[in-house]
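What follows is a set of notes on a single structure, which appears directly below.
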Amino acid sequence: SARALAEGAKAVVASVEYRHAPESRFPAAHEDANLAYRWLVENSGSLNADAERLAVAGESAGANLAMNVAINARDAQLAQPDHMLLVYPVAGNDMDTPSYQTYADAQPLSKPAMEWFVSHVFADPSQTADPRLDLVDRTDLSGLPPASVINAQIDPLLSEGERLAKALQEQGVETTQKTYDGVTHEFFGMGTVVPEAKEAMTLATTALSQALGVK
């Protein structure tokens, strides 16, 4: 995905690693993502990148991190990203949504798999109410950069992704959302063999190019 975004958007893409659970539980990954963003902005010159044209992007848990980076950049008055690319984001803590019910046994991501992740990432289940995870219930989304939200139909996270897009729109954030039928979580980036993934990547790179002023 990172290489396809770099090629399609004609942009420098930094694919950032972060600490993982269970060794490092919530909010370690969020802390690492924010530190990485600050480092990339401050060291953009060494990467032949332009810190005045920025975007954040991620898939699944990475999409949650990307949006949190944008929120932190806004609140800490850091350099602001110009766009958020959020691909099937983890955006809520309700595991009884319509898509969780319909696609509880989906592959490669199922409801039991998400329950397993939660049990390992969070020291206590009550932590899932933290606004860094429960993005769909936040009321402070105004002032964030425009967003592209991409979802897969056969995915427990579909409902919260669509709800997040609606919350962003209702709070004045320019947001485009598209659900791709017949595909599952993790389809993004498989454009070589999955036509819908190629379409989704084109949507993503077009949005990024426009936001970054790439000609």
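The values are calculated or read from the model by the stated rules, or taken from the named source; none is laboratory data. Everything quoted here is computed from the prediction, not taken from an experiment. FYI the Cβ positions are ideal-geometry reconstructions off the backbone, even for glycines, and counts take in every protein chain you see. Please note that ligands, DNA and RNA were not included when accessible areas were found on the heavy atoms of the full protein model with its side chains. Shrake-Rupley method; radii C 1.70, N 1.55, O 1.52, S 1.80 Å.
Across segment 180-215, the number of residues qualifying as without any contact (Cβ under 8 Å) to a residue 60 or more places away in the chain, among the aliphatic types (A, V, I, L, M) and assigned to a helix (DSSP H, G or I) comes to 2. Looking at Asn34, Asn72, Asn68, can you tell me which residue is in contact with a His (Cβ under 6 Å, 6 or more places away or on another chain), part of a helix (DSSP H, G or I) and either under 25 Å from Asp124 (Cβ atoms) or open to solvent by 50 Å² or more (accessible area, probe 1.4 Å) (or both)? The match here is Asn68. Listed by first and then second residue, the pairs with beta-carbon distance under 8 Å, at least 6 apart or on different chains, first residue in segment 119-140 and more than 16 Å from Ala167 (Cβ to Cβ), second surrounded by 14 or more Cβ atoms within 10 Å (Cβ to Cβ) and basic (Lys, Arg), are His120/Arg25; Val121/Arg25; Phe122/Arg25; Ala123/Arg25.
When you look at Ser126, is it closer than 25 Å to Leu5 by Cα, open to solvent by 10 Å² or more (accessible area, probe 1.4 Å) and not in a loop (DSSP other than H, G, I, E, B), yes or no?
In short, no.
Checking each residue in segment 37-60 for being in a helix (DSSP H, G or I), closer than 24 Å to Ile150 by Cα and open to solvent by 50 Å² or more (accessible area, probe 1.4 Å) picks out no residue at all. When restricted to residues that are surrounded by 19 or more Cβ atoms within 10 Å (Cβ to Cβ) and in a helix (DSSP H, G or I), segment 75-113 contains 2.
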